[in-house]
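Below is one structure; the comments refer to it alone.
The values are calculated or read from the model by the stated rules, or taken from the named source; none is laboratory data. As the structure is a prediction and not an experimental result, all values here were calculated from the model. No Cβ is skipped: glycine too gets one built from the backbone with ideal geometry, and neighbour counts run over all protein chains shown.
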């Protein structure tokens with residue numbers, strides 16, 4: 001099992017203090033704020049990897065504002081970007097398409113493996 005605090009720090013470092021969806025530079029206590037989002041909902045995720053770095057991404061806003069709010073309001077579109085996972089999907093093998101158009105898969109050590117570049121509007 002993973003410690004949430006340690007995994008949060010790894011995810012924030014991996015994502016470079018930038019919202020994975022829009023690219024805004026975020027720091028705790030500054031607008032628009034940062035939140036570490038569980039790609040697989042905490043209630044559905046396997047307890048063994050619920051808080052793993054692979055299951056976490058940095059987003060601006062909160063669960064109801066900014067890009068974090070957008071993910072929760074648009075789960076199907078967020079799923080296309082790898083920001084929202086359905087039951088049975090693995091965060092260790094499901095890639096993320098970020099604001100730059102980079103497609104990468106996060107791992108449990110706080111790193112990412114790049115797959116390809118896709119240039120398209122993410123909003």
>> What's the total number of residues in the stretch 1-24 that are surrounded by fewer than 17 Cβ atoms within 10 Å (Cβ to Cβ) and farther than 23 Å from residue 73 by Cβ?
In response: 9
> Of all residues in the stretch 75-93, which are within 18 Å of residue 115 (Cβ to Cβ) and either under 13 Å from the mean Cα position of the chain (by Cα) or surrounded by 12 or more Cβ atoms within 10 Å (Cβ to Cβ) (or both)?
Replying inline: 79, 80, 81, 82, 83, 85, 89, 90, 91, 92
>> If residue 61 satisfies all but one of (1) within 13 Å of the chain's Cα centre (by Cα); (2) surrounded by fewer than 21 Cβ atoms within 10 Å (Cβ to Cβ); (3) at pLDDT below 95, what's the number of the condition it fails?
In response: (2)
>> So, residue 83, is that one part of a strand (DSSP E or B) and touching a helix residue (DSSP H, G or I) at 6+ places or on another chain (Cβ under 6 Å) or not?
In response: no
> residue 53: touching a helix residue (DSSP H, G or I) at 6+ places or on another chain (Cβ under 6 Å) and at pLDDT 95 or above, yes or no?
Replying inline: yes
